[in-house]
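Take a look at the structure below.
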Amino acid sequence: MGVAIRRSVGLAGLAGRSAHTLRPCIAIASLPSPLNQQYSAPSRPPPNYPGHVPLNRLEKAALAIGSGLMSLRDPRRGDLIAAFAEATATPYFIYRLQDAMLASPTGRRILRDRPRITSTSLNLPYLRALAPNTVGRTYIDWLDREGVSPDTRAAVRYIDDAECAYVMQRYRECHDFYHALTGLPVVREGEVALKAFEFANTLLPMTGLSVFAAATLKAPERRRFVGTYLPWAVRNGLRAREVINVYWEEELETDVDELRRRLGVEAPPDLRAIRKAEREERRRKAAEGGV
Amino acid sequence: MAVRPTQLRRALLQSPSRLRQTAPNTIQHPELQHLLSAAPSAFSSACPFSSTITTRTQNTPDYAVPNPSRPTHFGFQTVTEAEKVERVATVFTSVAESYDRMNDLMSFGWHRIWKDYFVTSLNPGFSPLTSGLDPRAPQHILDIAGGTGDIAFRMLQTAHVVNGNPDVRVTISDINPAMLTVGKQRSTLLPASQQAALSFVEANAEDLTRTAPLSPPGTRTPAPTSTIPDASVDLYTVAFGIRNFSNIPAALREAYRVLKPGGVFACLEFSKADAHPLLNTLYKEWSFRAIPLIGQLVAGDRDSYQYLVESIEKFPSQAEFRDMIVDAGFVVGGQGYEDLTGGVAAIHKGMKPRV
């Protein structure tokens, strides 16, 4: 029969055998060892900073489309929103933002110092001890009220230039400060309003495209957004100075109203209070209707 | 029969000193840095299944004995065997929930065809060498790295239903409790008779003398209390798992130990599609560009899927893996392997000789 049974053969058996048994040279040359890597894998350019993944244009486009659609479906996927921001930031927009930072003395200092905002770099107990109307206290009060921490921001991976990657990282980490500055809550309505403000101010495409998430809001929320918060966002975002240039670590003890005045931002109507009042109104109506 | 060292074995014995000169570990992502910062001894005490066996039988070559500080590869990085166990554990704990959905997305559902063919070709439950006319003898099947249960469930279906042999029991073994938990949840959809024939154990495939039953989710893995005895398994299968092992020769020798004489070792694994250059190019582009992207979008974890495609790249070719199987003492028939989908996957089979 033509069935060949293969067993482990000694060296002596190597001479004068069929082509199907061990061939020593190939056995050594193709060892599965790190030293003998015969890649046939597509190669990427080397990373420019730790965690950097250089993508080609097709991959970037696919990431933009995929993350955009999936984060629209599930806005709780912060990692996808972050990836969407990075994939859509080039070619023009992140460079414009970098130039805006380079044009301002404070922005240049931020780019030189490269401060990071994490729960360890900010002294949270110290912030809680500050006077009530300071930036730092408003920020920590907002964090505590919404139940979020400064540590939830993903690292930038898909922007090729290292300094632009820092600009994007800075924008991402300052997002909570923008919440504190404007007083908008983390509910979908508040996030969409803040994104509209950020688009008018920073011109990052992700922020502008996130405004389309307003289509997923409930009807009264959408009416409120279109009627009140969108005009507020556009008006203030356009007239305010670049919020990316605020050196937040130095502004922690500043009075928050004074900072708003300096930046040219007016606080919008308190969204949490409005929503709470509406909820109580609904409950009252339901109780009355039931009686 | 005294087996003289083959050229392959001699080359592998030479490799450790060469490997010591490799470049230090390169960290691909800062968040994974902490996994490499602990000493190997910390790992072996933390993980109950890390191999600390230093000697086996006298015939076992050095490279087939698990050594926690021996360098091996984790994707394209160089790590020690102990580190690889920990990092693979992190990868699979992270991907466990979305594992089946990701498999469908990555292979367009084709992994189901491969697994169906794998199980059908093994035909569990059918024992033609049984004396008498009835080919249905009791069988014990061990499915290694069987986590979510795809192969085991197919085995039970074929054995109990297609071959009408209820005496076939399947043990699913995996080093990762998260994967086993997903498998256990999925198994609740099986008929009761098949569930009764199924058992879940946590074990390191390189040392099956130390196994423990699956611990409830959220609890730490208990110390190993049971063992898989020598010559107790009729069929040993491992599907898409063996490339994640820290020491493949050790796992092959454990397979040899637990199999009965005449028992079959079967491995379904990704392999080299070099024989078809166009398919290979498309396959590699898909693997390295699209799969990590899908991992990011669906599972929120690019790095794990990057590791998975790199580990496919690092796995030996069909012939090399066959040689490793033969080196462990199995006999193979013909080429020893069968290519699926142009070599994208391959089934390797070996039998433990009866003598």
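The values are calculated or read from the model by the stated rules, or taken from the named source; none is laboratory data. Just so you know, these numbers come straight off a predicted model, no measurement behind them. Cβ coordinates were reconstructed from backbone atoms using ideal geometry, including for glycine residues, and neighbour counts include every protein chain displayed. To get the accessible areas, we keep the full protein, side chains included, count just its heavy atoms, and leave off ligands, DNA and RNA. Shrake-Rupley method; radii C 1.70, N 1.55, O 1.52, S 1.80 Å.
Using the alpha carbons of the range A:16-290, what is the convex hull volume per residue in cubic angstrom, as a whole number?
That works out to 207 Å³ per residue.
Roll a 1.4 Å probe over the protein chains and send me the accessible area per residue for chain A in Å². Provide the component values of the computation, followed by the final result.
On the way: 14690 Å² over 291 residues.
Spelled out: the 1.4 Å probe surface of chain A, per residue, equals 50 Å².
What is the distance, in nm, between label points placed 7 Å from the Cα along the Cα-to-Cβ direction at B:Glu285 and at A:Tyr95?
2.7
Can you tell me the dipole magnitude for the range B:172-290 around its Cα centre, using point charges on the Cβ only (Lys, Arg +1; Asp, Glu -1), in Debye to the nearest 20?
About 200 debye.
Chain A: longest stretch without exposed trypsin sites (Lys or Arg not before Pro) (DSSP loop, at most 13 other Cβ within 10 Å), sites themselves excluded?
Result, exposed sites excluded: A:77-217.
Give the average, rounded to an integer, of partner chain Cβ atoms located within 10 angstrom of each Cβ in B:288-297.
Per residue, the average neighbour count from other chains is 5.
Using r as the Cβ-Cβ distance of A:Ala273 and A:Arg241, and R0 as 25 Å, what FRET efficiency do you calculate, to the nearest 0.05?
Between A:Ala273 and A:Arg241 the formula returns 0.35.
Aspartates and glutamates near B:Lys314 by alpha-carbon distance under 13 Å, same-chain residues fewer than 8 away left out - which ones?
Here the aspartates and glutamates satisfying the reach criterion relative to B:Lys314 are B:Glu269.
Please list, or write none, the lysines whose alpha carbon is within less than 27 Å of the alpha carbon of A:Lys276, excluding same-chain residues fewer than 8 places away.
Those lysines meeting the cut-off are A:Lys195, A:Lys218, A:Lys285.
Could you give the alpha-carbon Rg of the range B:247-355 over 2.2 N^0.38 Å, rounded to two decimals? If you can, show how the numbers build up before the last one.
Numbers: Rg = 16.2 Å, N = 109, 2.2 N^0.38 = 13.1 Å.
Here the answer is 1.24, to two decimals.
When a/c is below 1.5 the answer is rounded, else prolate if a/b is larger than b/c, else oblate, so apply that to the range A:47-88 with a ≥ b ≥ c taken from the square roots of the Cα gyration tensor eigenvalues.
oblate
I'm checking a number: the convex hull volume of the Cα atoms of the range B:209-264, normalised per residue, in Å³. What is it? Walk me through the numbers before you get to the answer.
On the way: hull volume 6.3 nm³, N = 56.
Considering the Cα atoms of the range B:209-264, their hull volume per residue is 112 Å³.
Once both labels are modelled 7 Å past Cα along the beta-carbon direction, what's the A:Glu280-B:His276 spacing in nm?
Distance between label points: 6.9 nm.
For the range A:254-291, which GluC sites (Glu not before Pro) are both in a DSSP coil and crowded by at most 16 other Cβ atoms within 10 Å?
Answer by residue number: A:Glu266.
Send over the semi-axes of the range A:230-291's equivalent ellipsoid, whole angstrom and largest first, taken as the square roots of 5 times the C-alpha gyration tensor eigenvalues.
After scaling each eigenvalue by five and taking roots: 37, 14, 8 Å.
Any idea what Rg and Dmax come out to for the range B:62-351 if you just take the C-alpha atoms, in Å?
In order Rg, Dmax, the Cα atoms of the range B:62-351 give 18.2, 56 Å.
Could you state how much accessible area B:Asp62 has, in square angstrom rounded to the nearest 10, with a 1.4 Å probe and all protein chains kept in place?
Using a 1.4 Å probe on the heavy atoms, I get roughly 110 Å².
Of A:Val246, A:Gly289, A:Gly68, whose Cα points farthest to the positive end of the dipole of chain A (charges on the beta-carbon: +1 Lys, Arg; -1 Asp, Glu; origin at the Cα centre)?
Going by the charge dipole, the pick is A:Gly68.
Using a 1.4 Å probe and counting only protein heavy atoms, how much accessible surface gets buried when A and B come together, both sides summed, in Å² to the nearest 100?
It comes to approximately 4000 Å² buried between A and B.
Using heavy-atom solvent-accessible surface (probe 1.4 Å) with all chains present, what is the largest-first order of B:Tyr117, A:Tyr92, A:Tyr158, A:Tyr49?
Accessible-area ranking of B:Tyr117, A:Tyr92, A:Tyr158, A:Tyr49, largest first: A:Tyr92, B:Tyr117, A:Tyr49, A:Tyr158.
Once you have a ≥ b ≥ c as the square roots of the Cα gyration tensor eigenvalues for the range A:63-172, tell me rounded if a/c is under 1.5, and otherwise prolate or oblate according to whether a/b is larger than b/c.
Note, shape of the range A:63-172 comes out oblate.
Of A:Ser119, A:Phe199, A:Ala85, which is farthest along the charge dipole of chain A in the positive direction, counting Lys and Arg as +1 and Asp and Glu as -1 at C-beta?
Comparing the listed Cα positions along the dipole, A:Ala85 ranks first.
Among rounded, prolate and oblate, which fits the range B:101-240 when a ≥ b ≥ c are the square roots of the eigenvalues of its C-alpha gyration tensor, a/c under 1.5 means rounded, and a/b larger than b/c means prolate?
Taking the square roots of the gyration eigenvalues as a ≥ b ≥ c, the range B:101-240 is oblate.
For the range B:136-165 and the range A:109-156, compute the distance between their C-alpha centroids and round to whole Å.
Cα centroid to Cα centroid, the span is 56 Å.
Calculate, axis by axis, the spread of Cα positions in the range B:84-142 along the three principal axes, and write the results as whole Å, longest axis first.
49, 29, 17
To make sure I understand the rule: partners must be lysines, Cα under 16 Å from the Cα of B:Lys349, and not fewer than 8 residues away in the same chain. Which ones qualify?
Result set, ordered by chain and number: B:Lys115, B:Lys260.
Rounded to the nearest 10 Å², what accessible area does A:Val211 have for a 1.4 Å probe in the complete protein model?
Roughly 30 Å² of A:Val211 is accessible to a 1.4 Å probe.
For Cα pairs less than 8 Å apart in space and 6+ apart in sequence, what is the mean separation divided by the residue count of the range A:16-290, i.e. the relative contact order in percent?
On the way: 295 pairs, mean separation 55.9, N = 275.
Computed value for the range A:16-290: 20 percent relative contact order.
Under a no-solvent Debye model with one identical scatterer per Cα of the range B:181-249, what's log10 I(q)/I(0) at q = 0.13, 0.16 Å⁻¹?
Debye output, listed in q order: -0.48, -0.73.
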